[in-house]
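Quick notes on the structure that follows.
Derivation of every value follows stated rules applied to the coordinates shown; laboratory data play no part. Keep in mind it's a predicted model, so treat the numbers as computed, not measured. A quick note on method: Cβ atoms are made from the backbone with ideal geometry, for glycine too, and the neighbour counts reach across all protein chains shown.
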Amino acid sequence: MDVTRESSPRPNSWPPAPPELPQRGGGATQLSKAVADAVAKPLIKARPVIVQDELDGGPVTTPISTPVTEPVGASSSESRASRRPPRTDATLREQQARSLPGWLALLVLLSALAGVVLVLARAGVIPHLDALPDLRSGAAEASGGAEITAASIAAVSAAGLLALVTLAGLLVNAGGETRVLTRWGRYRGTVRRTGLLWVNPLLRRRRVDIRLRHWRSEPVQVADRTGTPIVVRLLIVWRVRDTARATLAIAEHEDYLREQVHAVLTRTASALPCDSNSVPGPALRDGQWFADELTRSLAAEAAPAGIEVYSVQPLALDYAPEVAESMRRRRLADLDAGLRTVLVDDAVEAAALAVRRLERATAHELDEAARSALMEHLLVAFVAPAGVAASVPSPAARAARKEGKPA
């Protein structure tokens, strides 16, 4: 059975037993009214879930089909009291930070270093080499030593400070990573450009990984709709979409995602039973409903934190060790019962077909008692195990047994 969100109802939303149709006039009218009421009041309603939009920063209303658990006459205030995903500050969203190309910063750094060397050479601090042109000033050349003046000190200090600021602002941003810039706790932008860059050295930089990532969860023990403990392992594919929210809206976005996975899994697993062997209906093992519902719910919970969830796939879905053996025996018993029912039905059809062919071959129609006796003998022959001789009592013996007389 393929259980999806579109074709299968959610738990607690099974339609009630159909009303008894009146035996006399007016049945068609009442049936039409019942159908009209069912259409007007569907069992599965679309409730809006507020999800933060990563691009625009504003709330986006997404209709989600959820089962109606409140009574029909419930007030609208009770319907609005349902749990919603958290909401973050709409002004806190990712924006591009100001940065300069790295080659320009390197050019400024080399120019500052060249200026320091030039000033020191003119002051005579750097010894003169005969192979190089003489850059010393007249006073330094006349004295033959170093002539350090206040202007030389100021020039060297300015050039050194410029080189230090340029060097402190250099940033190497690798592919798949970003830098979130803050100053005194205030968000100043995100650098997504890769390569060598220069940013304001007074800004604090936080590295955020924006690559596509997958996380294999540990075995999580939850309970299904019947209260049976089950163990589930999940594979989550996700990435950071809004670096500002992932860094500033929550403390640790990975811990937040891990806790939300556990909460969503507990809520979703309790919606359906793990298996539907004896009871007809959808189950957690059927189709893609479980994975789709986990993906939808986790994406809605993680969006306010700037996390984009692509898929949530269950890797393992088993019963807990304390009930695994009993559930296995129950499943085998259900399968044996179903198999016996199929075998008996096939044997009845084969016996009836054999009796009809016998009547057609002999051109003689058997009476009811003879046909029943022949059917019983054929059923015993078909169903009885090999090597076991089974006898069928005659109709007279069965009638005597019913009356309490000895056969």
> Given a Förster radius of 56 Å and the C-beta distance between Val344 and Trp215 as r, what FRET efficiency does 1/(1 + (r/R0)^6) yield to the nearest 0.05?
Replying inline: 0.65
> What nm distance separates the two modelled labels at Glu254 and Leu366, each placed 7 Å from Cα along Cα→Cβ?
Replying inline: 7.7
> Suppose R0 equals 60 Å; then what is the FRET efficiency for Ser326 and Val172 from their Cβ-Cβ distance, rounded to the nearest 0.05?
Replying inline: 0.50
> Using 1/(1 + (r/R0)^6) with R0 = 25 angstrom and r between the beta carbons of Leu107 and Ala150, what's the FRET efficiency to the nearest 0.05?
Replying inline: 0.30
> If we restrict to alpha carbons, what Rg and Dmax does the range 196-297 come to, in Å?
Replying inline: 18.8, 68
>> Going by average Cβ density within 10 Å per residue, which order do the peptides 197-206, 345-354, 304-313, 283-292 take, highest to lowest?
In response: 304-313, 283-292, 197-206, 345-354
> Given 0.36 nm per residue, what is the gain on full extension from Leu161 to Glu308 after removing their alpha carbon distance, in nm?
Replying inline: 48.6 nm
